[in-house]
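The values are calculated or read from the model by the stated rules, or taken from the named source; none is laboratory data. Computed from a prediction, not measured in an experiment: that's the story for all the values here. Cβ coordinates were reconstructed from backbone atoms using ideal geometry, including for glycine residues, and neighbour counts include every protein chain displayed. Side chains included, ligands, DNA and RNA excluded: accessible areas come from the protein's heavy atoms. Shrake-Rupley method; radii C 1.70, N 1.55, O 1.52, S 1.80 Å.
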Amino acid sequence: MKLILRFLKPHWKLFVTTVVLLTLDVIGGLFIPTLAAQMLNQGTAGGSFGQLCRTGLLMAAAALASGACAIIGGYVCAVLVARVSKDMRMALYEKSLKLSVYDFRHFGTASITTRTVSDVNTIQMALTNTVQLILPVPIICIVALALCFRLDREIGLVLLAVIGVLLMLAGGIMYSAAPLFKKLQKLLDRMSAVFLENITGVRVIRAFNCESVEEERTDAAFEDYAVTSIKANRRFANLDGLSFFFINLFIIAVYYLSGAKISGGSLQIGDITAMIEYAILVMFFLMMAQMVILTLPRALECSDRIQEVLDHTPEIRDFTEENPPKPAEQKDAVLEFRDVSFRFADAQEYALRHLSFSCRRGETTAIIGGTGSGKSTIASLALRFHDVTEGAVLLSGTDIREMTQNWLRDHLAYVQQKAWLFSGTIASNLRYGNEAATEEELLHAAEIAQAGELIRSLPDGLNAYVAQGGTNFSGGQKQRLSIARALVKKPELYIFDDSFSALDFKTDAALRRALADETKDAAVLIIAQRVSTIRHAHQIVVLHEGEMAGIGTHEELMENCQVYREIYESQTKEAQEE
């Protein structure tokens, strides 16, 4: 509830306007039965035609005013809820940008997506219905009771009892259903995760003929959700019937009690009609409120889930966000790992131990090692996707934990192994790190990345369409475009995380030659599995089971490092056999 109030607060004027308009609508709706009763009483008592006309005109005016307030109030309410939902989604999105890789594993990507889309939709619907259908309930109950008590105290007490019983029933059902709706949201996360996994992995599923296996797994997730949903809906199955029963009981009580009162002259026929109309209006709003109550436990659970994300303290935090560091003086050692050890938060063993090396300006530093040796972890630590467990990572002599993440990443360009392109055009993707880049700069970077011929072969050139993830390009084409995107940024440090793996040897060699001239004013860190890719690096760091097994040039390591020599000989042997 605090979450909803937090996002309502900036739009309090719209909220107050909505409540006022809906209150006027409710009062106008109750005023009409009062006038109808007055007209009926006037007719039975021999009132003049002029009196009847005046009362009829008042009824028409009340109906018009009430209708206008309802229409305008509904529009204002829609604007209010849309703005609240937008703010909530933006808050979730901005928070997700601050979450680390570990934080995403904690929540789950599917769960973050569900909270941003489905949970906010649930809150949006519940908020709309609450404002339009629940907030008027106390007003209509108070006004209807006041009008009923004004006509007859005894019948007013009966209506009060009926309203009290209905409210207690609704509250009890809502309380008992809350745990089920909490379970429903977790099952919805599970459904989303299974469905997303099936959609993204459809090629693997088909390749292994596992459609029936995945159908059973997906059906089980859907079945769990359906069973729990049925249990929750059973709580509300009899609520409507009970509401009609008690309102009809009230009508019977009115007819029973009013007989003697009419004959005694204390009540008129029009008064009975008015009291029944009051009860019917109260019942209508209570019925609508009960329908809304169906969504409230779920909306409150969604609110708690969103609050959980917004209140989560990210693993990686900026301590100097208000006073970001000034650009450091250019130094030869752009990036330095100083006795770095690292262990993942959910792991017992260290992924890296006592790692020390420097990436110098104008030089290429390479990282090589076996699978699971910690190569890609080095890139994650340099980008501060994780914080070191021990030691320090320095950029231009400053510990990266003492600078903001934005400032750090402004000075780096990163190309990951699994190249990712965004939907749009080639130009928009290449400008991702430098929006002010000219077409000449884009084409120059593409030529260095060996993607110039590809762009020229496309009818639209730089304006060629790129599908989400770059699925309309091959793996090698995506890697070259990703490398060009990094070159357009012109940072102090380039990090290539096994980003030449999809290139053939000829393209790899041409790209490395072109990179040497283009990056002479920056430091280059290449993480690779092929010795041929890093053979000419100024220094090569060899990793083995998270520890540094050697450092030096190719020739030095061939003499002094057994691990490197084994890697080289195994790859050379494979190449000869091929």
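Grab the Cα-Cα distance for L52 and D339, subtract it from 0.36 nm times how many residues apart they are, and report the gain in nm with one decimal.
Values: separation 287, 0.36 × 287 = 103.32 nm, distance 9.52 nm.
Between L52 and D339, full extension yields 93.8 nm more.
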| remark: Taking R0 as 35 Å and r as the Cβ-Cβ distance between I252 and A61, the FRET efficiency 1/(1 + (r/R0)^6), rounded to the nearest 0.05, comes to 0.55
| How much FRET efficiency would the formula 1/(1 + (r/R0)^6) give for A514 and K418, where r is the Cβ-Cβ distance and R0 is 25 Å, rounded to 0.05? | 0.65
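For a Förster distance of 51 Å, can you work out the FRET efficiency between the beta-carbons of K231 and T553, rounded to the nearest 0.05?
Efficiency at R0 = 51 Å is approximately 0.15.
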| Accessible area expressed per residue, region 90-210, with surrounding protein chains retained (probe 1.4 Å, Å²) | 53
| In nm, what is the difference between 0.36 nm times the number of residues separating E349 and F284 and their Cα-Cα distance? | 17.0 nm
| remark: Summing -39500 (n - 2.57) over every DSSP H run of at least 4 residues in the chain and dividing by its residue count gives a helix-only mean residue ellipticity at 222 nm, to the nearest 500 deg cm²/dmol, of -21000 deg cm²/dmol
| request: Would you be so kind as to identify which of H11, Q405, I534 lies farthest towards the positive end of the dipole of the chain, taking Lys and Arg as +1 and Asp and Glu as -1 on Cβ and the Cα centre as origin? | output: H11
| field | Placed amide H near A366: partners under 5 Å, 5+ positions off or other chain | value | I526, Q539, I540, V541
| remark: Hydrophobic long helices for the chain, i.e. whole DSSP H runs reaching 30 angstrom or more by Cα along the axis with Kyte-Doolittle mean at least 0.0, come out as 12-44, 49-98, 153-200, 239-264, 269-293
| query | Restricting the count to DSSP beta bridges whose residues both fall in the chain, what percent are antiparallel, rounded to a multiple of 5? | reply | 55
| task | Using only the Cα atoms of region 325-436, build the gyration tensor, take square roots of its eigenvalues as a ≥ b ≥ c, and label the shape rounded, prolate or oblate: rounded if a/c is under 1.5, else prolate if a/b is larger than b/c, else oblate. | result | oblate
| query | If we sort 204-215, 470-481 on the protection proxy, mean other Cβ atoms within 10 Å, highest first, what's the order? | reply | 470-481, 204-215
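When the accessible area of the chain is split by element with a 1.4 Å probe, what percent falls to carbon and sulfur?
57
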| message | Solvent-accessible area of V282, probe 1.4 Å, all protein chains present, reported in Å² to the nearest ten, please. | response | 0
| remark: The extension gain from T389 to Q562, computed as 0.36 nm times the residue separation minus the Cα-Cα distance, is 59.4 nm
